[in-house]
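Worksheet: the structure to be examined is printed underneath.
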Amino acid sequence: MVSSCTKYELRCAECGKSFGNRPLSGCPDCLAPLEVQYDLESVRGRFTRETIAAGPANIWRYKELLPIPEGFLPDLPVGFTPLVRARNLGKRIGADNLYVKNDAVCFPTLSFKDRVVAVALANAQGFGFTTVGCSSTGNLANSTAAQAARLGLKACILVPADLEYAKILNTQVYGARLVRIDGNYDHVNRLCTQIADEYNWGFVNVNLRPYYAEGSKTVGYEIAEQLGWRLPDNVVVPMAGGSLIRKIRKAFNELIYLGLVEKPARPTRFFGAQATGCSPISVAVRNGAEDIVPQKPNTIARSLAIGNPADGPAAAKMIREDGGWAEDVSDVEIVSGIQELAETEGIFTETAGGVTTAVTARLYAQGRITRDQTTVVCITGNGLKTTDALANRFDHLDSRAIRPRLSDFADYLAELDGVLEPALVAAD
C-alpha cells in the first residue's frame, strides 16, 4: 500500500510517476492508465468501524477513502444498497450462503453507476468544469444527466444509436443534450476522447476516469460492512470495461490494511460475468492470455457491450491471480437469468443482472463455487430499463379481459394452469 502522498493523488499504474490531481486519465510518457493512490496511514485513525457507522447511510460514510476535493459537501444519498440473503435462488442453484448486492435500487437512477458519477462530478466541480458528459451504454448516461441537473451543470451525453429506448428517455428527461452515434460503444468512446481534448468539458469516463472509477470501491466497502465486517469467499461481478471487479478488490485490500476486516486465510476469489456476444475479458481469462482481443459486440446486454475494455487486461490478470474464473452466457440464458432472479428473490434486474445470475448458476454447476461458501452476486441495474429484452418472453400471454364473475375466474385459472379449481367451481 502507498503511504507517501499527502492524501491522494494520480499515479501511473506502470511507471509509477505521480501527477498530483488534475483531469487526466493516462500517463503521457508510457500511455498506461492513471489510478488514484492514497496515503492510507493518514486516515488510519479516522477511517474506523465507529466513524463509518456514525456517518450517513450512503457512500459518503466512506469519504475518507474517496477522492473528494477539499470543501466539497456531498448531499446526494447515493449507495448503501441492500445486501439480500438469496435463499430461494440458492436452493435452486445449490448454494447455502448466497447473497445479492442489489444496486438495482441505487439512488437516483437505479444502477451502480450512480456511485461512480457522484465521485466524478465532485471532481468536475473541483476542477471548475461547467459542462460534463460521458460515453455510455445507458446507465452511465442516466446517472450523469440526473446528477448534473441536481448540481446545476450542463450535460452532453453520447450513446450508441441502438441504445434501449427506456435508457434514452431516462437521459433526456433530465434536460441533457443527447447525441446518438452510428456505431458501437468503442466508436462513441473514441469520439468522446477527442471532444474532451478539444472542449473544456469534464467527461466522467474519459478525463475524469481515475476519480470516477474510485466510486466503485464503495460496493466493496458496503459488502464487507453488511456482512458484519468480514469478507466473502467469492464475488460474482458483471464486466463491461473491467473496472468494477478490480475496485471491489481494491476496497477489500484497503480494509484489510487498515484492520477493519481480518485477512482471510484464502483471498476472496472474483468471478467475472460477460455476455457471449461481447466477452473479451472472459475469453482472455479462460485462455490464460495477457492481452485482450477486441470483439464487435452483438448481445442484448448492451450495458456490458464494450468490445475493447480499458481495464480488461488488468481485470483478467487479477481474476487469475486470486484463483477466480470468468464465464459468458448467451442471450437466451440472459433472459432466463432475469426471470430466475425475479421469480426467486423478487428482484427485477436488467440484462447485465441476467448475465450475472446465469453465470453464477453455471459456476455452481461446474463446481468452481461450492454450496457452503459465502458468495455475493453483484446486481448492477434495474430491469425497468431493459424491458424490451423480455417482450418476446411474455407477449404470448392471453391479454383478454374476463367478466367480473367467479366462474369466469375459475375457468381462466384452469386455462392458465391446465387444471381445474374444484373448490372455486363448487363455490360459484
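Using packing as a proxy for protection, rank 212-225, 80-93 so that the peptide with the highest average count of other Cβ atoms within 10 Å comes first.
Sorting 212-225, 80-93 by mean packing, highest first, produces 212-225, 80-93.
Taking 7 Å along the Cα-to-C-beta vector as the label spot, tell me the N298-A32 distance in nanometres, rounded to one decimal.
Inter-label distance under the simple model: 3.6 nm.
Evaluate the charge dipole of the chain about its Cα centre and quote only its size in Debye, nearest 20, assuming +1 on the Cβ of each Lys and Arg and -1 on the Cβ of each Asp and Glu.
Roughly 960 debye, rounded to the nearest 20.
Placing +1 at every Lys and Arg Cβ and -1 at every Asp and Glu Cβ, with all other atoms neutral, what dipole size does the stretch 246-392 have around its Cα centre, in debye to the nearest 20?
Computed charge dipole of the stretch 246-392: roughly 440 debye.
Quick one: grab the alpha carbon gyration tensor of the stretch 135-181, order the square roots of its eigenvalues as a ≥ b ≥ c, and give me rounded if a/c is under 1.5, else prolate or oblate depending on whether a/b is larger than b/c.
Prolate shape, in that a/c is at least 1.5 and a/b is the bigger ratio.
Which whole-angstrom value gives the distance between the alpha carbon centres of the stretch 217-245 and the stretch 135-171?
The distance from the Cα centre of the stretch 217-245 to that of the stretch 135-171 comes to 25 Å.
Within straight cross-link reach of K17, meaning Cα distance under 27 Å, which lysines are found once same-chain residues fewer than 8 apart are removed?
Candidates past the 8-residue exclusion: K7, K63, K217, K247, K250, K317.
(1) 175; (2) 164; (3) 148: which one is volume of the Cα convex hull per residue in Å³ as calculated from this entry?
Step by step, volume of the Cα convex hull per residue in Å³ for this structure corresponds to label (2).
Could you please tell me the mean projected area of the C-alpha convex hull for the stretch 13-129, averaged over all directions and given in square nanometres to one decimal?
Answer in nm², one decimal: 10.6.
If you place +1 on the Cβ of every Lys and Arg, -1 on the Cβ of every Asp and Glu, and leave all else neutral, what size is the dipole of the stretch 5-81 about its Cα centre, to the nearest 20 Debye?
Magnitude of the dipole: close to 160 debye.
At a 1.4 Å probe, what is the % contribution of carbon and sulfur to the accessible area of the chain?
Here carbon and sulfur together make up 51 percent of the probe-accessible area.
In the stretch 1-67, if the dipole is taken from +1 on Lys/Arg beta carbons and -1 on Asp/Glu beta carbons about the Cα centre, which of F47, V36, C15 is farthest to the positive end?
F47
Report the full-extension gain for the segment S407 to D372: residue separation times 0.36 nm, less the Cα-Cα distance, to one decimal in nm.
Taking S407 through D372 to full extension adds about 7.8 nm, to one decimal.
When the solvent-accessible surface of protein heavy atoms is calculated with a 1.4 angstrom probe, in what order do L416, L65 fall, highest first?
Ranking L416, L65 by accessible area, largest first, yields L416, L65.
Give me the accessible area per residue for the chain, probe 1.4 Å, as a whole number in Å².
42 Å²
For a quick protection proxy, order the peptides 364-377, 100-113 by their average other-Cβ count within 10 Å, most packed first.
Sorting 364-377, 100-113 by mean packing, highest first, produces 100-113, 364-377.
Lys/Arg Cβ at +1, Asp/Glu Cβ at -1, dipole of the chain taken about the Cα centre: which of G307, L110, F72 is farthest positive-ward?
Projecting each Cα onto the dipole axis, the largest value belongs to F72.
Provide the packing ranking of 166-174, 351-359, 322-330, i.e. peptides ordered by the mean count of other C-beta atoms within 10 Å per residue, highest first.
351-359, 322-330, 166-174
Sum -39500 (n - 2.57) across every DSSP H segment of at least 4 residues in the chain, then divide by the residue count to get the 222 nm mean residue ellipticity, nearest 500.
Mean residue ellipticity, 222 nm, calculated: -11000 deg cm²/dmol.
Between the stretch 262-305 and the stretch 341-407, what is the C-alpha centre distance in whole Å?
21 Å
For the stretch 247-378, what log10 I(q)/I(0) values come out of the Debye formula at q = 0.12 1/Å, with one point per alpha carbon and no solvent?
-0.49
Can you give the net charge of the other residues whose Cβ lies under 12 Å from the Cβ of P23, counting K and R as +1 and D and E as -1?
+1
The values are calculated or read from the model by the stated rules, or taken from the named source; none is laboratory data. Values in this document were obtained by computation on a predicted structure and should not be read as measured data. Here the Cβ is made from the backbone with ideal geometry for all residues, glycine too, and neighbour counts use every protein chain on show. The protein model used for the area step is the full one, side chains on, heavy atoms only, and it has no ligands, DNA or RNA in it. Shrake-Rupley method; radii C 1.70, N 1.55, O 1.52, S 1.80 Å.
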